[in-house]
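The values are calculated or read from the model by the stated rules, or taken from the named source; none is laboratory data. Remember, predicted model here, so these are calculated numbers, not experimental data. Note that we place each Cβ from the backbone using ideal geometry, even for glycine, and neighbour counts take in every protein chain shown. Heavy atoms of the whole protein, side chains included, go into the accessibility calculation; ligands, DNA and RNA do not. Shrake-Rupley method; radii C 1.70, N 1.55, O 1.52, S 1.80 Å.
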Amino acid sequence: MTEHQEATVSDEHATAQRLRRLIEMDGAGSWPPKVAHGPSWPAALRPYHDIYIEMAPVLPVYPPSVDSEANAIRIATFRSRIRNLFHDKINLSEVESLLIAAERGESSPFPLDARNGFFACIALSRHAYRWGVIPVVKVAQDEKFIDMPLELNVPWAFLQRIYGVTSHGGNVTSNYFYNFDKDDNLVYEINHGMPKMIQTAEHHFARIFPVLEKLALPIYHEMVKSMIAFDRGQREQCLESLKEISTSLRLPLKAFYDTLVNSKIDRSVWLSYCQGFQGWAAGEMKDGVYVEYDGLSGNQLPFFHFVDAFIGMPPYLSEENMQRYIPAAQRHFTASLREHSFRTKAKEMGDVEIEAEMEKIVKQMRVFREAHRARARPYLSAPAPERKVMTAGKSVLESEKIPDSNAAIEFLFKLLAGRLKQTV
Ligand code: HEM
């Protein structure tokens with residue numbers, strides 16, 4: 001690094017540094033992230049890509065099966081086939097050496113965009129092994145400890161360290177952001193060969209997430225600019241940025257409103273064919289206590305973490321869940337936004353203009369939360385007789401206290417209502 005670069009970096013606002021780091025590292029230089037799959041990976045890793053592609057058509061079944069005995073056989077068959085492929089095609093010691101070298105930064109066999117694509121492949125392969133069939137079924141939900149093949153555990157431990165997450169299952173970053181190619185096609189599909197309505201729903205649902213992030217990137221830059229301006233006492237620039245944010249905020253939120261509609265994501269198929277597989281609902285014993293990991297939820301989306309932190313809201317996820325599902329670079333940017341949030345300070349200084357601009361942002365987040373609750377209900381209420389009551393983000397909910405889907409929806413609605421109440 002030259003002297004000039006050093007001076008620039010050390011002068012840079014901490015929040016700007018965190019955003020830059022997020023884009024450089026997890027984004028491989030862009031946001032939403034740059035990703036490369038399969039053929040561009042180091043040779044030792046390529047079989048993982050080929051195996052997922054080969055096994056993807058075996059995964060889904062239409063219509064869903066409620067025959068537990070047949071489902072158990074199907075899952076066992078899927079697992080044994082994929083285990084055999086791993087055994088025959090993957091040289092685990094080569095994989096291990098390559099990942100160790102990549103982690104030590106020795107040579108550069110593994111560019112960041114390829115690493116992102118590999119994260120998607122291993123995460124999706126783990127979900128495929130965990131469930132063994134789509135839609136997910138009761139016999140698989142009853143399994144609480146999954147004996148994963150070593151070929152999936154070795155790279156997973158590496159990826160957990162690199163990205164800074166601890167869950168056994170994937171997250172929104174691995175399963176959605178890193179799972180699209182340059183032409184916006186899903187690489188590791190879960191409903192290969194299913195009727196068009198199911199495939200359309202899968203594509204649109206997955207696509208909301210990177211699209212939202214793409215539209216939100218200018219907002220992230222403005223948030224950082226407003227903080228720098230506020231810290232330097234440049235009030236006019238700060239107000240300019242806040243105005244920019246509330247104008248730009250409409251776009252990512254519109255992507256949500258426009259996509260979560262029946263013509264794109266059909267309510268009759270979302271629960272069984274899009275959501276269940278993204279759950280995890282299994283875990284491990286840690287210090288004698290059973291720890292269960294959830295799967296994916298919109299609650300892991302960076303956009304909401306960043307905006308909530310900027311407007312000074314407390315986090316929605318516990319620290320433990322942040323560590324499990326949110327990559328470190330995202331957590332660090334969120335923490336910095338929260339640390340440098342100037343809303344309370346501006347209020348204490350009696351700056352009514354800044355507060356008024358902040359309120360415009362808050363108002364849009366309230367509108368989103370109200371719309372999200374209303375849109376979520378019919379999707380959650382669809383029948384899914386093949387499985388127990390579960391949401392991907394909160395694992396299996398069925399219990400004595402939550403005997404059916406109505407009780408589950410009420411439980412979930414309390415969480416959403418709580419968040420809406422905090423959005424002030
Ligand atoms: C059919 C689609 C969806 C359903 C049924 C649904 C349902 C839910 C439920 C039940 C929760 C509370 C439990 C939890 O934290 O996991 C939740 C949280 C959340 N969801 Fe969704 N969701 C859907 C799609 C989305 C999408 C597309 C987004 C964003 C683009 C999103 C963003 C969020 C956020 C940010 C939270 C955290 C709570 C909050 O900030 O208000 N959801 N969702």
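Based on this model, can you work out whether K286 counts as touching a residue at least 60 places away in the same chain (Cβ under 8 Å) and open to solvent by 70 Å² or more (accessible area, probe 1.4 Å)? Considered against the rule, which asks whether it is touching a residue at least 60 places away in the same chain (Cβ under 8 Å) and open to solvent by 70 Å² or more (accessible area, probe 1.4 Å), K286 comes out as no.
Restricting attention to region 385-395 and to residues that are touching a helix residue (DSSP H, G or I) at 6+ places or on another chain (Cβ under 8 Å) and either open to solvent by 40 Å² or more (accessible area, probe 1.4 Å) or closer than 25 Å to D258 by Cα (or both), the residue that is farthest from the ligand (Cβ to nearest atom) turns out to be K388. The set of residues in region 355-376 being within 14 Å of the ligand (Cβ to nearest atom), over 12 Å from V424 (Cα atoms) and either over 21 Å from the mean Cα position of the chain (by Cα) or touching a residue at least 60 places away in the same chain (Cβ under 8 Å) (or both) consists of F368, E370, A371, H372, A374, R375. Scan region 307-323 for residues that are assigned to a helix (DSSP H, G or I) and either open to solvent by less than 20 Å² (accessible area, probe 1.4 Å) or under 21 Å from R21 (Cβ atoms) (or both) and the total you get is 7.
Among the candidates D11, D26, the residue that is of a type in the set (D, E, K, R) and at pLDDT 95 or above is uniquely D26. Scan region 13-68 for residues that are more than 17 Å from K89 (Cβ to Cβ), in a helix (DSSP H, G or I), assigned by TED's automatic domain parsing to the domain that holds V133 and without any contact (Cβ under 8 Å) to a residue 40 or more places away in the chain and report the count. Counting residues in region 13-68 that are more than 17 Å from K89 (Cβ to Cβ), in a helix (DSSP H, G or I), assigned by TED's automatic domain parsing to the domain that holds V133 and without any contact (Cβ under 8 Å) to a residue 40 or more places away in the chain gives 0.
Close Cβ contacts (under 9 Å, 6 or more residues apart or on different chains) running from residues in region 291-313 that are more than 15 Å from H221 (Cα to Cα) and of a type in the set (K, R) to residues that are open to solvent by 10 Å² or more (accessible area, probe 1.4 Å) and near the ligand (Cβ under 9 Å from one of its atoms) are absent. In region 389-418, the residues that are without any contact (Cβ under 8 Å) to a residue 40 or more places away in the chain form Cβ pairs under 6 Å with partners that are aliphatic (A, V, I, L, M) and in a helix (DSSP H, G or I), at six or more places apart or across chains, as follows: V389/A408; L397/A408; I402/A408; I409/L380. In region 282-295, of all residues being touching a helix residue (DSSP H, G or I) at 6+ places or on another chain (Cβ under 8 Å) and more than 9 Å from the ligand (Cβ to nearest atom), the one that is farthest from I23 (Cα to Cα) corresponds to A282.
Look at region 240-264: where a residue is under 16 Å from A356 (Cα atoms) and a partner is among the polar types (S, T, N, Q) and assigned to a helix (DSSP H, G or I), sitting 6+ places away or on another chain with Cβ atoms under 7 Å, you get S241/S226; L242/S226; S246/Q364; L249/Q364.
Can you find, within region 398-424, the residue that is farthest from the ligand (Cβ to nearest atom) among those that are closer than 23 Å to A309 by Cβ and not in a helix (DSSP H, G or I)? For region 398-424, the residue satisfying everything is V424.
Residues that are assigned to a helix (DSSP H, G or I), within 15 Å of the ligand (Cβ to nearest atom) and not aromatic (F, W, Y) do not occur anywhere in region 339-348.
Mind checking whether some residue in region 215-222 is over 26 Å from the mean Cα position of the chain (by Cα) and crowded, with 18+ Cβ neighbours inside 10 Å? Show your work before the answer.
In the first step, residues of region 215-222 are kept if they are over 26 Å from the mean Cα position of the chain (by Cα); the result is none.
Checked region 215-222: no residue is over 26 Å from the mean Cα position of the chain (by Cα) and crowded, with 18+ Cβ neighbours inside 10 Å.
Condition test on R130, is it in contact with a strand residue (DSSP E or B) (Cβ under 7 Å, 6 or more places away or on another chain) and within 30 Å of P210 (Cβ to Cβ)? Yes, satisfied.
Scanning region 104-148 for residues that are under 23 Å from the mean Cα position of the chain (by Cα) and open to solvent by 20 Å² or more (accessible area, probe 1.4 Å) yields P111, L112, D113, R115, K144, F145, I146. Of all residues in region 97-109, those that are closer than 12 Å to I162 by Cβ and at pLDDT 95 or above have Cβ atoms under 6 Å from Cβ atoms of residues that are in a helix (DSSP H, G or I) and of a type outside the set (A, V, I, L, M), 6 or more apart or on another chain, in L99/F158.
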